[in-house]
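A short reminder: the numbers here are calculations on the coordinates, not readings from a lab. As the structure is a computational prediction, the values presented were derived from the model and not from experiment. Backbone-built Cβ (ideal geometry, glycine too); neighbour counts: all protein chains shown.
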Amino acid sequence: MLSASLNCLNLGGGNYSLTKKGWFVRLFHLDICFRIFTYKYGYVVTSNQIQFRIFAYKYGYVMSLKIHTLKLELGMKLMSDLSKIDRFDASWASIEKREGSSLKQLKSIATVRSVGASTRIEGSKMTDDEVAVLIEKLSIAKLEERDEQEVIGYFEALDTIAENYESIHITESQIKNLHKILMQHGERDAWHRGNYKQVSNAVEANLVDGTKQTVFKTTEPGLATQDAMTMLFDWYNTDKETIPLVKIALFVYEFLSIHPFQDGNGRLSRLLGSLLLLKNGYSWIQYVSFEHEIESRKSEYYKVLMQTQRNRPGENVTEWLAFFSSCMINIQEQLMNKLEESRTIEPISQREKRILFFIQNHAGCGSGEIAKKLDMALPTVKKSLRELISKGIITKEGQGKSTGYFVQ
C-alpha cells in the first residue's frame with residue numbers, strides 16, 4: 001500500500017492523472033484495476049482495456065488525460081453524462097424489441113431529417129419535405145441543381161453506412177470510398193472526390209446574412225494531411241483503453257481539424273459519427289437525427305470548434321466532448337419522447353400509428369398528402385383519421401382543401 005500527498009497522481013503509464021489539491025490518497029494496484037481512496041471521501045478509479053469509471057461521493061475530482069495528441073479533463077459532470085448515455089444504450093435492446101413496429105417509421109423520418117439538416121449546415125436551402133420528395137423520385141431525378149446533388153450524395157452515403165456499417169473498416173481506403181459516394185453526383189467535384197486535398201482549405205460558417213466566417217485553419221495539404229490522417233487511423237484502431245464514446249467524439253473532432261478532403265468534410269464528419277456509433281453498438285442512432293440536433297445548435301457547434309481550435313496543436317478538447325455528449329443526451333430524450341407520443345390511452349392499429357407518426361412530423365398535413373407519402377388509399381386514410389379524432393389523439397382544423405391535422 002502506498003500513501004502520499006499529491007496534486008497529481010499518474011495512472012496507467014502516464015495516460016491518466018487524478019487531481020485534487022491537498023488531499024492524501026492511497027493507491028492499490030490490483031491487476032487491471034486502480035482504486036484510490038481519500039481518508040474522508042470514497043473515490044474509485046477503474047481502468048481496463050474497455051473503459052474507466054470515476055466515482056466520487058461528495059467532491060468533484062478531475063481526471064486529466066492525454067488521448068492521441070489531445071488533452072482532456074474528465075470531471076464528474078462529464079463522466080455523469082457519458083454514463084447516462086451508456087445506461088440508455090444498455091436498455092435499448094428491450095426498448096427496440098417492444099417498439100419494433102414504430103421504429104421503421106421513425107427511421108424513415110430520421111433519415112430525411114439527417115440528410116436535410118446536414119446539407120443545410122453547409123448551405124443547402126432544401127426543406128425536409130423537399131428532401132423527402134427528391135428521395136422518393138430518385139430513380140427519375142436528373143439532379144441538375146447543386147443542392148439536389150449534395151442531398152442525394154448524402155442520402156446514398158448514409159444508406160451505405162446503415163446497410164454495411166459492420167463491414168466498413170476505419171481505414172484510409174474505406175473513408176475515401178465514402179467520400180466518393182458523398183460527392184459522386186457533382187460534376188465539379190470529379191477532380192477531387194475520393195482523394196485528399198491538394199489546395200489549402202479552411203472551415204467556414206455560413207451566417208444568416210449570407211456571409212461566411214472563418215472558423216479555423218486546417219492542416220496543410222500534401223504530406224501534412226497524409227501524415228495526420230495516418231496517425232488518426234493508427235490511434236483509433238490501436239487504442240483499446242479509451243471508452244468508445246470518447247474515441248468517437250475525438251475522432252470526429254480530429255477529422256474536422258485536419259479537413260483532409262477538398263470539400264465535403266463537414267458532411268463526411270457527421271456520416272463518420274453515425275458510422276462509428278453504429279459500429280460501437282449504438283444502434284438507436286438510426287432512429288433519431290444527430291445532424292438535426294447539430295443544425296439546431298449550429299452557432300454553438302461552430303463556436304466550440306473555433307474556441308478549441310485556437311490552441312492547436314495539443315489543445316484541450318473537453319468543451320468539444322461536453323458538446324458532443326449533450327447532443328447525444330438530447331437526441332436520446334427526443335427519441336424517447338417520440339416513442340412516448342406513439343403510446344396512447346386507447347390502443348390504435350398499426351395503420352393508425354403510421355398516420356399518427358406522419359402527422360407528428362408534418363403538422364397541418366392533409367389527408368391527400370398522408371395517402372401519397374404513406375402509399376395508402378385515400379378512403380382508408382380518411383377512415384383512420386376519423387378514428388384518431390374520435391379517440392382524441394388528433395384534431396382537425398380548416399375545411400375543404402385547406403383541412404389540416406394536428407396531434408392533440
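Whole-Hz ³J(HN,Hα) for each residue in region 160-169, computed from phi via Karplus 6.51 cos²θ - 1.76 cosθ + 1.60 with θ = phi - 60°, x for glycine and proline: what do you get?
So the Karplus estimates, Gly and Pro as x, are 4, 5, 4, 8, 10, 4, 5, 9, 8, 8 Hz.
Tell me, what ³J(HN,Hα) does each residue in region 170-177 have, in order and in whole Hz, if you take phi through Karplus 6.51 cos²θ - 1.76 cosθ + 1.60 with θ = phi - 60° and put x for Gly and Pro?
8, 9, 4, 5, 5, 5, 5, 5
Just the Cα atoms of region 58-185, one point each, no solvent: what log10 I(q)/I(0) does Debye give at q = 0.12 Å⁻¹?
The Debye formula, applied to the Cα set alone, gives -0.72.
Average projected area of the Cα convex hull of region 170-271, in nm²? Could the numbers behind the result be given before it?
Values: hull surface 28.8 nm².
The orientation-averaged projected area of the Cα hull of region 170-271 comes to 7.2 nm².
Would you pull out the residues with amide H under 5 Å of K197's amide H, same chain only if 5 or more places away, H placed 1.01 Å from N?
F261, Q262
Counting other beta carbons within 10 Å of each residue's own, what order do K338, K217 fall into, fewest first?
On the way: K338 21, K217 14.
Neighbour counts put them in this order, fewest first: K217, K338.
Under the Kirkwood approximation for Rh and a Cα-based Rg, what ratio Rg/Rh is obtained for region 294-408?
Computed over Cα atoms, the ratio is 1.22.
Which whole number in µm²/s is D for region 350-407 by Stokes-Einstein, with the Kirkwood Rh taken over Cα pairs at 20 °C and 1.002 mPa s?
Roughly 196 µm²/s, to the nearest whole number.
Residue by residue through region 280-290, what is 3J(HN,Hα) from phi via Karplus (6.51 cos²θ - 1.76 cosθ + 1.60, θ = phi - 60°)? Round to whole Hz and write x for glycine and proline.
So the Karplus estimates, Gly and Pro as x, are 9, x, 8, 5, 5, 4, 7, 9, 8, 9, 5 Hz.
Mind checking region 237-295 for trypsin sites (Lys or Arg not before Pro) that DSSP puts in a loop (not H, G, I, E or B) and that have at most 12 other Cβ atoms within 10 Å?
Listed in order of number, the matching sites are K240.
Would you mind checking K142/K180; K84/K279; K338/K383; K137/K180; K104/K372; K142/K279 for any pair whose Cα atoms are more than 27 angstrom apart?
Where the Cα-Cα span goes over 27 Å, the pairs concerned are K142/K279.
DSSP loop trypsin sites (Lys or Arg not before Pro) in region 108-152 with at most 12 other Cβ atoms within 10 Å of their Cβ, which ones?
Working: sites: R113, R120, K125, K137, K142, R146; in loops: K125, K137, K142.
Sparse-neighbourhood loop trypsin sites (Lys or Arg not before Pro): K125, K137, K142.
Out of residues 5 or more away from K71 or on other chains, whose amide H comes under 5 Å of its own, with H placed 1.01 Å from N in the peptide plane?
HN-HN under 5 Å from K71: E315, N316, V317.
May I ask you to compute the full-extension gain from Q184 to K77, defined as 0.36 nm times their residue separation minus their alpha-carbon distance, rounded to one decimal in nm?
Numbers: separation 107, 0.36 × 107 = 38.52 nm, distance 4.23 nm.
Value of the extension gain: 34.3 nm.
List the residues whose amide H sits under 5 Å from the amide H of M63, counting only those 5 or more places along or on another chain, with H placed 1.01 Å from N in the peptide plane.
Residues meeting the amide H criterion: L74, G75.
Label-point separation (nm) for E166 and K142, each offset 7 Å from Cα along Cα-to-Cβ?
Calculated label separation equals 4.2 nm.
Filter the GluC sites (Glu not before Pro) in region 310-408 down to the DSSP loop ones having no more than 13 other Cβ atoms within 10 Å, then list what survives. Intermediate values should be presented prior to the final figure.
Numbers: sites: E315, E319, E333, E340, E341, E352, E369, E387, E397; in loops: E315.
Answer in residue order: no site qualifies.
Fewest to most neighbouring Cβ within 10 Å: what's the order for S384, S94, S200?
In increasing order of surrounding Cβ atoms, one gets S94, S200, S384.
Give, in nm to one decimal, the length gained when the segment between I329 and N237 is fully stretched (0.36 nm per residue of separation minus the Cα-Cα distance). If you can, show how the numbers build up before the last one.
Details: separation 92, 0.36 × 92 = 33.12 nm, distance 2.59 nm.
The span from I329 to N237 would gain 30.5 nm if fully extended.
Once both labels are modelled 7 Å past Cα along the beta-carbon direction, what's the L223-R351 spacing in nm?
Once both label points are built, they end up 6.9 nm from each other.
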